[in-house]
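Sharing a structure, written as structure tokens. Questions coming.
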Amino acid sequence: MTLDAALDLLRTTYGYEQFRGQQAAAIEAALAGRDALVLMPTGGGKSLCFQIPAQLRRGTAIVISPLIALMQDQVSALTELGIEAAYLNSSLSVEQQREVTRRFAAGELQLLYIAPERLLQPRTLEYLASAEIALIAIDEAHCVSQWGHDFRQDYLGLHVLKTHFPDTPLMALTATADERTQREIEYRLNLLDPLRLTSSFDRPNIQYHVSIRSDARKQLIRFLAQHKEDSGIIYCLSRKKVESTAAWLVDRGIDALPYHAGLSAQLRQHHQQRFLREDKVVIVATIAFGMGIDKPDVRFVFHMDLPKSIEAYYQETGRAGRDGEPAVAHMVYGLQDVVRLNQMLGDSPMSDQQKQVERHKLNALLGWCEVTDCRRQALLGYFEEAAPGNCGNCDNCLAPPQTRDASEDAQKFLSAVYRSGQRFGAAHVIDILRGQASDKVKQHGHEQLSTFGIGKELGAQAWQAIARQLLVQGYLFNDFEHYGALKLTELSRSLLRGEATFTCREQLAVAPERQARSAKAGVSDADRQLWEALRERRKQLAQERDIPPYMIFHDATLMQMMEERPRTLQALGFIQGVGATKLEQYGEAFLTVIAANP
Ligand code: ADP
Ligand code: ZN
């Protein structure tokens, strides 16, 4: 079978013009009956890689997915496209399950989604193997890896697939897998000479910003003022902070909803549904929120606290802009985060070795926060990917930070740490430097130290920045065996002796966001009316059908309708994202709206 049929399907059913990245190669492999390992970043378009061969090969495609919510989402989206799909999981009644099995046996299904534990029941395996299977797709394949960050016991059993379905092509798909995890996936799934398709991890449409926390809420509200039209996620470290931040935002007229593991399942479900189905809803959440959220038009992710690692940061920010439209990832952080995360690590039941790995990852993230060159380059570098040059779409590229030689300040700080006995945290050391005779200073007689008051020329914040960067650059460390006291390192001696220089970035300046934000933010007043009308119609249709609006059409599709103002079904059919089934279902409704808003 050739790729022509696949391209045909892409155009008629999905309404898209071209394959993206490695999609064509993945589809070709499946059509040829070859196993494949497909690595694509979030939003890269993994689903099409198996959905299209599922429709072109004989039999039903089995899709293994770990998350019930995700299955439902994909099946609804496929149904909207006029593709026969169903899922089998514990959320279905016995009746409903029977109906799905009937459709499967009758050969009516093009795709069947199933959870691994269900698939692996001997009865299910036997029954599936008795029918014709087009291919087996294993979504979130990194869950099979014990080295990955999301291991699931159930996935381990999937090694039997090759035995039960020796002639069926397997396709493993994931958005996160380093070299080692890739090899482990291939091994554990028994993939046979798989075609390995890797893609860049870059998410060029996401603009990265990091700033120092001064007044986090003020910073947040200023940020939100630029995103009034947008849906987004705000991440906080603790449940308490989630609750208080959400309540505070609601008081300021923002449609903010809390989400964390301490809320009832019902309330969480309700908030998630509102986020998926309504416009301009902001979710304030702990990292409990996000897995299985496929909402394509999340326009921003705001971190109120530092994540645990670059991997976590990449995954959390990756939930923005899946639709490829401009999106922003903004983080505020401060010295307290470093102390708190280190403290949490210290208290956790992990082995010492694991703690060391985690600490290393935290330091890598801190180092990244303080970089003065292109953030994207540094991020990709961490994932061992070379980037061509400055991206022009991160804070450092948009407003290059100032750096200065701060060796002398660093010496003062290190001396104050040394003279006070390496037993205190940054706040106390800064009091000493600035000549503040606090109770604690007096209690320890530190106003007698030679370093008392030698740093009056800098404010407390500037000293905090120096402390943070000394930590990040390894001139100091937090000793958590001793209440997080700052201690000198081997490196600090060379600085104290004047044999090394310490370059420090000036306070992270707040780079303005580039104006090329979400497409809809650029809607002119003249178009505004039509834009709102199109969205309103989409919302009504979505409500009638009990699905999220983006499953009807994406924003980008509505944008194009607004720009081209098609008058006929045929013209409407040329717009990206309008496939045959959707044209038939919704074409007239949207043409009516366009005609009514000239
Ligand atoms: P992933 O699973 O890799 O995160 P999805 O499969 O959900 O990504 O696809 C992300 C978005 O990109 C979806 O809205 C999808 O419709 C769209 N998309 C996928 N392939 C194409 C394509 N070839 N052209 C245009 N849009 C595409
Ligand atoms: Zn950049």
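The values are calculated or read from the model by the stated rules, or taken from the named source; none is laboratory data. Model, not experiment: these values are computed from the prediction. Every residue, glycine as well, gets a Cβ built from its backbone with ideal geometry; the counts of neighbours run over all protein chains shown. What goes into the accessible areas is simple: the full protein's heavy atoms, side chains included, and nothing from ligands, DNA or RNA. Shrake-Rupley method; radii C 1.70, N 1.55, O 1.52, S 1.80 Å.
Need the failing condition index for ASN363 against (1) closer than 21 Å to ALA327 by Cβ; (2) more than 14 Å from ligand 2 (Cβ to nearest atom); (3) of a type in the set (S, T, N, Q), just the number.
Here ASN363 meets the rest and fails (1).
Quick one: count up the residues across segment 26-53 that are crowded, with 23+ Cβ neighbours inside 10 Å, small (Gly, Ala, Ser) and more than 13 Å from ligand 1 (Cβ to nearest atom).
3
Yes or no, residue by residue, for (1) modelled with pLDDT of 95 or more; (2) under 20 Å from THR163 (Cα atoms):
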| residue | (1), (2) |
| --- | --- |
| ALA54 | yes, no |
| THR101 | no, no |
| GLN110 | yes, no |
| GLU117 | no, yes |
| ILE136 | yes, yes |
| ALA141 | no, yes |
| HIS149 | no, no |
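Would you check which residues across segment 236-252 are part of a helix (DSSP H, G or I), open to solvent by 60 Å² or more (accessible area, probe 1.4 Å) and in contact (Cβ under 8 Å) with a residue 12 or more places away in the chain and list them?
The answer is ARG239, GLU243.
Scanning segment 377-398 for residues that are of a type in the set (Asp, Glu) and not in a helix (DSSP H, G or I), which turns out farthest from SER309 (Cα to Cα)?
It comes out as GLU385.
Continuing with this model, one more query. For GLU95, indicate whether it is touching a helix residue (DSSP H, G or I) at 6+ places or on another chain (Cβ under 7 Å) and over 30 Å from VAL298 (Cβ atoms).
The answer is no for GLU95.
Given the conditions (1) under 25 Å from GLN23 (Cα atoms); (2) open to solvent by 30 Å² or more (accessible area, probe 1.4 Å); (3) in contact with a Phe, Trp or Tyr (Cβ under 9 Å, 6 or more places away or on another chain), which single one is not true for LEU112?
Tallying (1) under 25 Å from GLN23 (Cα atoms); (2) open to solvent by 30 Å² or more (accessible area, probe 1.4 Å); (3) in contact with a Phe, Trp or Tyr (Cβ under 9 Å, 6 or more places away or on another chain), LEU112 fails exactly one: (2).
Go through segment 378-402 residue by residue and tally those that are away from ligand 2 (no atom under 16 Å from the Cβ) and either open to solvent by less than 50 Å² (accessible area, probe 1.4 Å) or closer than 26 Å to THR501 by Cα (or both).
Final tally of qualifying residues: 1.
Anything in segment 454-469 that is modelled with pLDDT of 85 or more and not small (Gly, Ala, Ser)? List them, or say none.
ILE454, LYS456, GLU457, LEU458, TRP463, ILE466
Is there any pair linking a residue in segment 327-344 that is over 21 Å from GLY232 (Cβ atoms) to one that is among the aliphatic types (A, V, I, L, M) and in a strand (DSSP E or B), with Cβ under 8 Å and at least six apart or on different chains, and which?
Once the first residue is over 21 Å from GLY232 (Cβ atoms) and sits in segment 327-344, its partners that are among the aliphatic types (A, V, I, L, M) and in a strand (DSSP E or B) give GLY334/ILE212.
If I go through segment 253-264 residue by residue, how many of them are open to solvent by 50 Å² or more (accessible area, probe 1.4 Å) and within 24 Å of MET291 (Cβ to Cβ)?
3
Mind counting the residues in segment 222-235 that are touching a residue at least 12 places away in the same chain (Cβ under 8 Å) and open to solvent by 50 Å² or more (accessible area, probe 1.4 Å)?
Number of matching residues: 3.
Results for (1) under 21 Å from the mean Cα position of the chain (by Cα); (2) closer than 27 Å to ARG123 by Cα; (3) not polar (S, T, N, Q), shown as yes or no for each residue.
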{"position": "LEU9", "(1), (2), (3)": "no, no, yes"}
{"position": "ALA32", "(1), (2), (3)": "no, no, yes"}
{"position": "VAL38", "(1), (2), (3)": "yes, no, yes"}
{"position": "ALA61", "(1), (2), (3)": "no, yes, yes"}
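Sticking with this one: Any residue at all in segment 44-62 that is in the same structural domain as ASP167 (by TED's automatic domain parsing) and farther than 28 Å from THR2 by Cβ?
no
For segment 363-372, check the following and say yes or no: at least one residue is at pLDDT below 80 and either open to solvent by less than 20 Å² (accessible area, probe 1.4 Å) or more than 19 Å from the chain's Cα centre (by Cα) (or both).
yes
Still on this structure, I have one more. Which pairs do you get when a residue that is touching a residue at least 40 places away in the same chain (Cβ under 8 Å), found in segment 119-136, comes within reach of a residue that is acidic (Asp, Glu) and surrounded by 10 or more Cβ atoms within 10 Å (Cβ to Cβ), reach meaning Cβ atoms under 8 angstrom, with the pair 6+ apart or on two chains?
Here the result reads LEU120/ASP154, each pair linking segment 119-136 to a residue that is acidic (Asp, Glu) and surrounded by 10 or more Cβ atoms within 10 Å (Cβ to Cβ).
Across segment 167-185, which residue is nearest to ALA26 (Cα to Cα) among those that are at pLDDT below 95 and in contact with a Leu (Cβ under 9 Å, 6 or more places away or on another chain)?
Result: THR174.
Conditions first: (1) at pLDDT below 85; (2) surrounded by fewer than 20 Cβ atoms within 10 Å (Cβ to Cβ). LYS280 passes all but one, so which condition is the exception?
Of (1) at pLDDT below 85; (2) surrounded by fewer than 20 Cβ atoms within 10 Å (Cβ to Cβ), only one is false for LYS280: (1).
Let's see how each residue does on (1) on the phi > 0 side of the Ramachandran plot; (2) within 16 Å of ligand 1 (Cβ to nearest atom); (3) under 41 Å from the mean Cα position of the chain (by Cα); (4) of a type in the set (Asp, Glu):
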residue: ASP395; (1), (2), (3), (4): no, no, yes, yes
residue: GLN402; (1), (2), (3), (4): no, no, yes, no
residue: GLY421; (1), (2), (3), (4): yes, no, no, no
residue: GLN443; (1), (2), (3), (4): no, no, no, no
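Which members of segment 17-62 meet the condition of being in contact (Cβ under 8 Å) with a residue 60 or more places away in the chain and under 19 Å from SER76 (Cβ atoms)?
The answer is GLY43, LYS46, PHE50, GLN51, ALA54, THR60, ALA61, ILE62.
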